[in-house]
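Each remark here refers to the structure printed beneath this line.
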């Protein structure tokens, strides 16, 4: 897989491809259906497949209440996957190239026609485009399926729509997954994603408060403007070793601000069961299996320590089942 950061890195050999555009937050089953259509068409035309992403995701760029393309925007949605996590899933699905475009003032000022010319025609020379059923783009909001079809007729590319992908009679969407995560409905989350939900990052130095009360934790920066999770969870943790091997352990993770110790920053802290090695700087993948409880503020460290002991027992019981 080739990762292309920014349109300025496009070269002549990138001309001629089958592409799709979107946030692909979560890379859920609906997204995977789009990717499968992309790969099938690319194979038919003997062309490379390209997924076009934006970073930050467009909604993360704007402030709540800001007006864009005639629409007043609400709160920034919780992010399901970082760009690295998206790339890993898309690579596993067999995508040839990923073009990651920086979403900034210049990008969001482009009309649909300007975006098509600059990125799709001049940059990629696309031969075929696959888009989702709810796809819109451009600061004039003119970029929909009909617009792309008309543009394709004059610019020499075809356009294919995708059908809504449903599970249990409801559309699979990132919004639906966020709601399920908030409710701790991990069985539903796993069904909609086609895999367990996880978050990844490097282990960094924390406040060492957990170590002082006998429950050391691996601290991981969330790398998200808004977290889709808050609370205490039974987790499985993959520790990426320097020799490319991985070690898998179970644990208890807290996602939140740590109100008992007056924490401010949202972070992920995982206590690893039956594990006592130093892993600072290592990349970990934390997979969430069950919600144990919501985050709460305790009267002091002794009360927090007692509750953590109960959380550990709950996690052990879950993994014994």
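Compute the orientation-averaged projected area for the stretch 71-198 from the convex hull of its Cα atoms and round it to one decimal in nm². If you can, show how the numbers build up before the last one.
Working: hull surface 37.6 nm².
Over all viewing directions, the stretch 71-198 projects a mean Cα-hull area of 9.4 nm².
Considering just Cα atoms, how many Å³ per residue does the convex hull of the chain enclose?
Working: hull volume 49.7 nm³, N = 321.
Dividing the Cα hull volume of the chain by its residues yields 155 Å³.
So for 304, 193, fewest C-beta neighbours within 10 Å to most, what's the order?
Numbers: 304 20, 193 23.
So the residues, fewest neighbours to most, are 304, 193.
Please report 245, 59, 79 as a ranked list, fewest other C-beta atoms within 10 angstrom at the top and most at the bottom.
Numbers: 245 8, 59 20, 79 25.
Ordered by Cβ neighbours within 10 Å, fewest first: 245, 59, 79.
Normalised radius of gyration for the stretch 5-56, please: alpha carbon Rg relative to 2.2 N^0.38 Å, two decimal places.
Values: Rg = 12.0 Å, N = 52, 2.2 N^0.38 = 9.9 Å.
Here the answer is 1.22, to two decimals.
What is the calculated FRET efficiency for residue 179 to residue 296, with r their C-beta to C-beta distance and R₀ = 22 Å, to the nearest 0.05?
0.50
Starting at 0 and stepping by 10 Å, how many percent of the alpha carbon pairs of the stretch 196-320 end up in each bin?
13, 49, 34, 4, 0
Relative contact order for the stretch 123-200: what percent, with Cα pairs under 8 Å and sequence separation of 6 or more? If you can, show how the numbers build up before the last one.
Numbers: 64 pairs, mean separation 18.2, N = 78.
Across the stretch 123-200, relative contact order equals 23 percent.
Rounding to the nearest 10 and keeping the result within 0 to 90°, find how far the Cα-based axis of helix 301-320 lies from the longest principal axis of the chain.
On a 0 to 90 degree scale, this one is about 70.
What share of Cα pairs, in percent, lie more than 23 angstrom apart in the stretch 2-167? Mind dumping the intermediate values first?
Details: 4934 of 13695 pairs.
Counting pairs separated by more than 23 Å, the tail of P(r) holds 36 percent.
Laboratory data are not the source of any read-out in this text; all were calculated from the coordinates shown. A quick note: this is a predicted structure, and the numbers were derived from the prediction, not measured. Every residue, glycine as well, gets a Cβ built from its backbone with ideal geometry; the counts of neighbours run over all protein chains shown.
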